[in-house]
Amino acid sequence: MGDHHGDTESLRRLLDDVNGETFDFAVHVGDFTNAVRQGRQAAVRQLREVEPYLERIADRTRHDLVWVYGNRDYFGDFEYDLQVGTRIPKEGCVRVGGQRFTNSPAAVESDVILVTHMETWRLLDHFNGRAHLCGNTHLGRYKGRRLNSGFLQYTHRETGEQTFGGYFVVEITETPPFDVEMRCIGNLNRFECDRHRERGVQFQSAFEECMYCADSRILMREMTASAFYGLTHGANRGTVTDRMLADAAVDLWDEPPVEFRGQFETYLDGIETDRYAPLARTGDGKLALADESYAY
Ligand SMILES: [Zn+2]
Ligand SMILES: [Zn+2]
C-alpha cells in the first residue's frame, strides 16, 4: 500500500477491509503526508494523525509494518519521525521476520525485497532481487517481480475532490508470476492491454483504458530508461546512439507492438521537449542520462 497523502479515511477503509485477517508483512511505499503541497507544519500533524492507523495495520501482521517515505514526504526531511513499524534503510538492508528489505537498488541481492517510493524505471527489466514494491505514479502495475501499488487516496488539486484507490495482497513466491490480489476501496480498475500486455497488468483510475495507449510517453520514458540501463550498466559507456537505444528497446519485448519502433524513434527525436525524459541529448548528438531524471 501507499500514497494516501495525509488522508486517514483510506486507512480506515483498509482496516475495515482486513478485519480478521493476518499478513506476514504490511509494506508501505510512502507518501504518508502531503508535505510538498501543504508544507512541513501540516505534514507533521498528518504524520501524527496517520500513526494510530498504521499502528493498527502493524497489529494485523505476524512480523511488522515496514515502510519508506515518499517524495511528497520530502523523503522524511521532517521535525518528526513516524514512531511505528520498521523504516527500511536508505543504505544496506534491515532484516525483519527472516526477510531482508532495502530502499537501495545497490543493496539488492537475490533474497532481498526492494521497497522504493519512486518507480526506478531502469530496473523494470533488469532486477535481480526477490521483489520490488513501489508507488508514486498512482498508476498501479504488476510485472514480473515488480508491483506498483497504485494509490490509496489523492485529492484533486483544483476541485478538492477525493479519489480512493486500493491496496494489494501479494504472495511472493520463488518464481513469478506472484499471486497479486487487487483490493479496491474506491475506484481502481484492472486493465490488461492486448498491445501492451508484456509491460504488465495495470491497476489505475487515471485513464479509461490502458495507460500506455492513453499516453504513449509513459511507455517511452520507461522503455528509454530501461534500454539505456541495459546498455550502460556494467559497461564502460555513458552515452548511446539513437540506433543502439532503439534496438535495445525493441529487444526488451518478445513481440513489440507494430508501431513501437517508429513511436520510440519519434520520441527520441523530440526527447528534449519531455520534461520527464530520463535521457538528454549530448553536444555530439548522442544520448546520456539527464541531470534531473525524474524516476530513472
Ligand atoms: Zn503520491
Ligand atoms: Zn495499451
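Bear in mind that the values in this text are calculations on the coordinates, not laboratory data. Keep in mind that this is a model prediction, so the values were computed, not measured. Cβ sites come from the backbone with ideal geometry, for glycine too, and all protein chains shown count toward neighbours.
Farthest towards the positive end of the charge dipole of the chain, among the residues THR102, PRO257, GLY230, is the Cα of THR102, using unit charges on the Cβ of Lys, Arg, Asp and Glu.
For the chain, the longest principal axis of the Cα atoms and the long axis of helix 242-251 meet at an angle of about 60 degrees.
Dipole magnitude for the stretch 55-130: about 260 debye, using +1 per Lys or Arg Cβ and -1 per Asp or Glu Cβ, origin at the Cα centre. In a reduced charge model with +1 at each Lys and Arg Cβ and -1 at each Asp and Glu Cβ, the chain shows a dipole moment near 460 debye about its Cα centre. Estimated purely from DSSP H runs of n ≥ 4, each contributing -39500 (n - 2.57), the mean residue ellipticity at 222 nm for the chain is -7500 deg cm²/dmol once divided by its residues. What you get for the stretch 215-289, charging only the Cβ of Lys and Arg (+1) and of Asp and Glu (-1), is a dipole of about 340 debye around the Cα centre. Under the simplified labelling scheme, the HIS233-VAL94 pair shows an inter-label distance of 2.5 nm, with each label point 7 Å from Cα along Cα→Cβ. Among TRP121, TRP253, the ranking by other beta carbons within 10 Å of each residue's beta carbon, starting with the fewest, stands as TRP253, TRP121.
Relative to the longest principal axis of the Cα atoms of the chain, helix 40-59 runs at roughly 70 degrees. For the chain, take the longest principal axis of its alpha carbons; what is the angle in degrees between that and the long axis of helix 216-232, to the nearest 10 within 0 to 90? The helix 216-232 is inclined about 70 degrees to the chain. Largest GNM mean-square fluctuation across ASN19, ASN148, ASN71, computed for the chain with C-alpha springs under 10 Å, falls on ASN19. Stretched out straight at 0.36 nm per residue, the stretch from ALA214 to ARG183 would grow longer than its current Cα-Cα span by 8.8 nm. Once the convex hull of all Cα atoms in the chain is built, its volume per residue stands at 139 Å³. Among the GluC sites (Glu not before Pro) in the stretch 115-201, those placed in a DSSP loop whose Cβ has at most 11 other Cβ atoms within 10 Å are GLU158, GLU161, GLU174, GLU192.
What net charge do the residues around ALA246 carry, taking every other residue with its C-beta under 12 Å from that of ALA246, with Lys and Arg at +1 and Asp and Glu at -1? Around ALA246, the surrounding residues sum to -3. From most to least packed by mean Cβ count within 10 Å, the peptides 210-219, 31-40 give 31-40, 210-219. Simple rule: put +1 on each Lys or Arg Cβ and -1 on each Asp or Glu Cβ in the chain, find the dipole, and look at GLY270, VAL66, PRO89; the Cα lying farthest toward the positive end is PRO89.
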